[in-house]
Amino acid sequence: MKKILITNDDGINSDGIARLAEAAGKYGEVWVVAPESQRSAASHSISLSHSVEAWKADFPVRGVRAFACDGMPADCVRIGVLNIVPGGPDHVFSGINHGYNLASDIQYSATAGAAFEAAFQKIHTIAFSESASGDHEVTDRYLDEIIAELLVKPLGTNQIWNVNFPGCGLAECRGILRGRTVSTDVFYQDHYTETELPDGRIRYTVEGVRRWEASQGTDLKAILDNCVSIGIATNIS
């Protein structure tokens, strides 16, 4: 039986990782190694100056061997692949992330960072993300179908499958678009607000305005058009 390692950046207690583990159980033996708490926007960072710890954790899906870790998502993949899963996994799933991972934002994503770590370890990997709206209708409709499809589709060196589900209702979803490229358009136009503190320091708080335009054929355009986006992302760093 194939072994599937699952991680995320929202933490082991997130709803998304439980839903992904439930779906993955149909396709193999499921292991979870995930951060103990939120680690979003950590990208591909790993812990080098200090050790990381992992421990068996309660998990809501029957039959899943689950471990929480105090490191980063990429750390979870590394110790999962190299130490925890006997013989290493055949596949790695990352997600389901609470919020999209596409366009320029993918460089910050620890969901993608963990997936790229698995690709670096030469393991077939799929990253899954969905809208932060809380509407799971489209994800629930297509998740199983997409897992079955992508598990048997090969990837090149340092490549991952990157899947994003729109936050619309199922009736508004316009289906699946495959072969989407990673958009070079900006998803959020960021800026910082400044607050002067009593001690003279300045506090900078990031804020973002969502962009509603994207180039044809891209992951961002697919999501803006209420489609599921499937594409290959390549780590070139």
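FYI, it's all coordinate maths here, none of it is from the lab. For clarity, every value in this text was computed on a predicted model and none was experimentally measured. Cβ sites come from the backbone with ideal geometry, for glycine too, and all protein chains shown count toward neighbours.
Side notes on the structure shown:
- Dipole-positive endmost among 230, 106, 197 within the chain (Cβ charges, Cα centre): 230
- Computed about its Cα centre, the charge dipole of region 194-237 is approximately 120 debye, with only Lys, Arg, Asp and Glu carrying charge at their Cβ.
- Exposed loop positions in the chain were taken to be GluC sites (Glu not before Pro) whose DSSP state is not H, G, I, E or B and which have at most 14 other beta-carbon atoms within 10 angstrom. Between these positions, the longest stretch is 54-212.
- Most mobile of 222, 24, 171 in a GNM of the chain (Cα contacts under 10 Å): 171
- Among 7, 184, 125, 218, a tally of other beta-carbon atoms within 10 Å of each Cβ gives an order, fewest to most, of 184, 218, 125, 7.
- Rounded to 5, percent antiparallel among DSSP beta bridges of the chain: 40 percent
- Overall form of region 130-237: prolate. Here a/c, set by the Cα gyration tensor axes a ≥ b ≥ c, is 1.5 or more, and a/b is the larger of a/b and b/c.
- Cleavage-rule hits (chymotrypsin sites (Phe, Trp or Tyr not before Pro)) in region 95-137: DSSP loop, at most 15 neighbouring Cβ within 10 angstrom: 108
- Of interest is the spacing of the C-alpha centroids, which for region 132-208 and region 84-117 amounts to 12 Å.
- Label sites at residue 144 and residue 178, each approximated as a point 7 angstrom past Cα along Cα to Cβ, lie 2.0 nm apart.
- Taking every DSSP beta bridge that has both ends in region 101-221, the antiparallel portion is near 60%.
- Debye, to nearest 20: dipole size of the chain, +1 on Lys, Arg Cβ, -1 on Asp, Glu Cβ: 800 debye
- Inter-site label distance for residue 37 and residue 202 at 7 Å from Cα along Cβ, in nm: 3.0 nm
- In percent, rounded to a whole number, the relative contact order of region 1-129 is 32, using alpha-carbon pairs under 8 Å and six or more apart.
- Of the beta bridges in region 33-173, as assigned by DSSP with both residues counted there, near 20 percent are antiparallel.
- Spin-label pair residue 190/residue 132, simplified geometry with 7 Å Cα→Cβ offset, distance in nm: 1.3 nm
- Total charge dipole magnitude, region 125-189, about the Cα centre, Cβ charges on Lys, Arg, Asp, Glu only, Debye to nearest 20: 320 debye
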